[in-house]
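Below is one structure, written out as structure tokens; comments come after it.
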Amino acid sequence: MGNTAAAPAEVQQAPALPDLGKLQISRNYPGTIVQVLENVNGKLKLKEDEIKKTNSLIDELIKKDLIEGLKKKSKAFELIYQKIVWTGSSYEGLKISHPDEFDLNIVLRFPFKSDLIKISPRNDVPGFVTIKNFKKALDTIEADPKWRPAYKELLKWADDSGNLLTNKVREWMESIVVKFSNEYNVGKPENKKIIVRKSGPAMTLWLGKLSIDVVPVFGFTSPPPSPIRVPRPMNREWFIVPKPLNGQTDIKDAWRVSFYEFEKDILRDYGTIKPAIKLIKKLRDTQDWKSLYSYAIKSAALWMKEEGGISGNEKIDITFLKLLKGIQTYLDKGFLPFYWEKRANMLRMNDVERKNLANRIARLIIKIEENWVSNPSYIGELIYTMSKPAASGGPPLPDIGKLEISRYPGTIVQVLENVNGKLKLKEDEIKKTNSLIDGLIKKDLIEGLKKKSKAFELIYQKIVWTGSSYEGLKISHPDEFDLNIVLRFPFKSDLIKTGTEKLTTRRSDLSRTSAKPLKKRYQNLRISPRNDVPGFVTIKNFKKALDTIEADPKWRPAYTELLKWADDSGNLLTNKVREWMEGIVVKFSNEYNVGKPENKKIIVRKSGPAMTLWLGKLSIDVVPVFGFTSPPPSPIRVPRPMNREWFIVPKPLNGQTDIKDAWRVSFYEFEKDILRDYGTIKPAIKLIKKLRDTQDWKSLYSYGIKTAALWMKEKGELSANEKIDITFLKLLKGIQKYLDTSFLPFYWEKRANMLRMNDVERKNLANRIARLIIKIEENWVSNPSYIGELICP
């Protein structure tokens, strides 16, 4: 919950209806707007047989197996367990899909009288409380024979101030659930095993297609502390939940308050309000409004009911439109107060997301009003017809039960080999493209740059093609390329020694007159690893080394140009090298383009450390780099064998624009060797890249996938001898594990994290992949074509 203090948003009444629209009547939802919405709402009702079957299964699992099993795993649990309370949309009558996701609160009781503790509201995080004096109250049971076996277990829940800690209670519950599941799963077939995964304050138990979020809570029948609202009548329990605070990992004693049972009473049998909530939840899913979560929709309905914005006595069409307009108003104002604590904001999105969503809903409301009378079926289709999702959401998973005859017949191995075959680039396309870019780069670009810069002419060494096109990992047309232009230092740095060792060099290209002073000054040049940004190095004393060529007639024309690359400390600057390269490339392209037709011109654009050269549909990212054959400085890993060059790349640091002398290390050629001809690993990487694109996992970038494969190969988790299906699934599970643990180390410098996303993105992606893995395993034998469709529809 947010912590912004503000008055609750004022809910506007719905304006007069409607303006007539011009759309044709659809055959899908005939009738008036009321009939259409009732029709759609009927489709959202869960099937009774599904509900009974599911309830029977989870009732046995939870009451008979889980609770009794946990009692055996923990004396503390046996003594403080009180009851289970099912929460969430499945038990509120607000579920709009199959009954396969459930929320379970395991209610615990304190082992002492509740008046021994103090429940204090949090002003820093409204909607949360702290349980004070927990340790002191716990000490009252230390000598009690009944509680003595549990005392030490419970004592771990308190901090030094004696407050009850959310993370310790969660960790305790997680540990005993894992112990239970490990024992429970022995001897059971895969589809009967319980899979345990963590998610926020809950653990998710997966049993086949069913998922149950399990949360430990404590219940109270006494009124909550002010300014938290006291329910009227105070006839049920309210709870505290160990919910972690977004972005505030240092706060461990803040418990979220929950009034689930009171909210259920408020909305029970209340006319058209619950059906309207379900319609808006379905509209949200269809329109892909990801940041509008279900509890926010319910919160808006609770406020609007209290303030008279909706009554429940009106027909479904009016309640639906009023609630939608109310939600848009809250979004527009930027504040939706928590129903039980007005200072807490229920809108969990940044300003850009909020404004965008408010505008999208506002435009949709206009369309709805235009078609209110003339074309109500259009509104039904808006809510229920699943169009192609927005780019941010990714395509929906196919309904396994409704798949037509697939384009991917055969076993899982055959299916994946079939898909991988589709990802291979066409030889004629590759040859045609290679011929074009070879002529452009070698004949035109490099020779042109030599004419534009004396420094370039002298320090240019070679070109190295990198990226997926040249690693055999490209999964689309060969129209995007990565080109490293390898430069050499004017003092032959390919034999540089790092750390405190003396720098040596080959002097064959330097004049005899410059050799002597070179030896004297050159010994101070250093490649130093960065501790503040692991995986980067600084080239120190570049200016001092450069001064050794100042008097050399060969280098004199380039000296002034190169001198601009150093800062006041004499270090080599990434931004200066990039700007120099950009400058001469732009000069070249301006001259090259004269007299050429538009489709033959080179268009130059900047992108990170690279410039992108566009020639028609082809794009080439050009990056200046420096190469070394001497080992990199510790703690950067030294490749074995050390038989190729490694490079430094002028990559800007995300969000750290003041650091200009940090060069990223790159071992592209060594990585290519590691994965060359290595069985099914490269095909598996390609399959996962395609799966990522199809499922729209934008934050999982290609180098992250390759890094996971490199580590898993080294650790023996991937083998060249396994078939494609096993390698694919192992690599996908490995990536999910790295996301779950929040750290994927750079293969060459373990301190650097290759996961470039915030915690919310990471957790979301980890959960999405975990769910997908379950679906893949369910269909591994019975429906392998489904997996082919997932990857390459």
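Within segment 113-147, the set of residues being charged (D, E, K, R), more than 30 Å from Lys342 (Cβ to Cβ) and at pLDDT 90 or above comprises Lys135, Lys136, Asp139, Glu142, Asp144, Lys146. Within segment 753-763, the set of residues being surrounded by 17 or more Cβ atoms within 10 Å (Cβ to Cβ) and in a helix (DSSP H, G or I) comprises Arg762, Lys763. Does Arg664 satisfy being part of a strand (DSSP E or B) and at pLDDT 85 or above? Answer is yes for this residue.
Total residues in segment 585-617 satisfying the condition of being more than 20 Å from Glu447 (Cα to Cα), in contact (Cβ under 8 Å) with a residue 40 or more places away in the chain and either buried (at least 16 other Cβ atoms within 10 Å of the Cβ) or of a type in the set (Gly, Ala, Ser) (or both): the figure is 2. I'd like to know if segment 343-354 contains one or more residues that are in a strand (DSSP E or B), surrounded by fewer than 20 Cβ atoms within 10 Å (Cβ to Cβ), more than 25 Å from the chain's Cα centre (by Cα) and at pLDDT 90 or above. Taking every residue of segment 343-354 in turn, none turns out to be in a strand (DSSP E or B), surrounded by fewer than 20 Cβ atoms within 10 Å (Cβ to Cβ), more than 25 Å from the chain's Cα centre (by Cα) and at pLDDT 90 or above. What do you reckon, is Asn313 at pLDDT 85 or above, surrounded by fewer than 16 Cβ atoms within 10 Å (Cβ to Cβ) and in contact with a Gly (Cβ under 9 Å, 6 or more places away or on another chain)? Yes: the conditions hold for Asn313. Look at (1) over 23 Å from Gln461 (Cα atoms); (2) in a helix (DSSP H, G or I) and you find that Glu582 fails only one, number (1).
Out of segment 172-197, which residues are surrounded by 15 or more Cβ atoms within 10 Å (Cβ to Cβ), among the charged types (D, E, K, R) and either within 17 Å of Trp780 (Cβ to Cβ) or touching a helix residue (DSSP H, G or I) at 6+ places or on another chain (Cβ under 8 Å) (or both)? Within segment 172-197, Lys179, Lys193, Arg197 qualify. Taking the criterion of being out of contact with any Pro (no Cβ under 9 Å at 6 or more places or on another chain) and closer than 20 Å to Leu357 by Cα, the residues of segment 305-329 that qualify are Leu321, Lys322, Leu323, Leu324, Gly326, Ile327, Gln328, Thr329.
Only one of the numbered conditions (1) surrounded by fewer than 16 Cβ atoms within 10 Å (Cβ to Cβ); (2) assigned to a strand (DSSP E or B) is violated by Pro624, and that is (1).
Does any residue of segment 197-219 turn out to be over 31 Å from the mean Cα position of the chain (by Cα) and farther than 19 Å from Ile84 by Cβ? No; the residues of segment 197-219 include none that is over 31 Å from the mean Cα position of the chain (by Cα) and farther than 19 Å from Ile84 by Cβ.
Looking only at residues in segment 712-752 that are assigned to a loop (DSSP other than H, G, I, E, B) and polar (S, T, N, Q), the one that is nearest to the chain's Cα centre (by Cα) is Ser742.
Restricting attention to segment 208-228, the residues that are out of contact with any Asp or Glu (no Cβ under 7 Å at 6 or more places or on another chain) and within 26 Å of Glu261 (Cβ to Cβ) total 11. In summary, Ile685 fulfils each of the numbered conditions (1) buried (at least 21 other Cβ atoms within 10 Å of the Cβ); (2) closer than 24 Å to Ile459 by Cα with the single exception of condition (2).
Here is a yes/no grid of residues against (1) modelled with pLDDT of 90 or more; (2) under 28 Å from Asp532 (Cα atoms); (3) of a type in the set (D, E, K, R):
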residue	(1), (2), (3)
Thr694	no, no, no
Met712	yes, yes, no
Asp725	no, no, yes
Leu755	yes, yes, no
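The number of residues in segment 597-611 being at pLDDT 80 or above and within 27 Å of the chain's Cα centre (by Cα) comes to 0. If the condition is being within 19 Å of Lys322 (Cα to Cα) and either surrounded by fewer than 20 Cβ atoms within 10 Å (Cβ to Cβ) or out of contact with any helix residue (DSSP H, G or I) (no Cβ under 9 Å at 6 or more places or on another chain) (or both), then segment 355-368 contributes Ala358, Asn359, Arg360, Ala362, Arg363, Leu364, Ile365, Ile366, Lys367.
The values are calculated or read from the model by the stated rules, or taken from the named source; none is laboratory data. This structure is a prediction, so every number in the text was calculated from the model and none was measured. With ideal geometry, Cβ positions are generated from the backbone for all residues, glycine too; neighbour counts draw on all protein chains shown.
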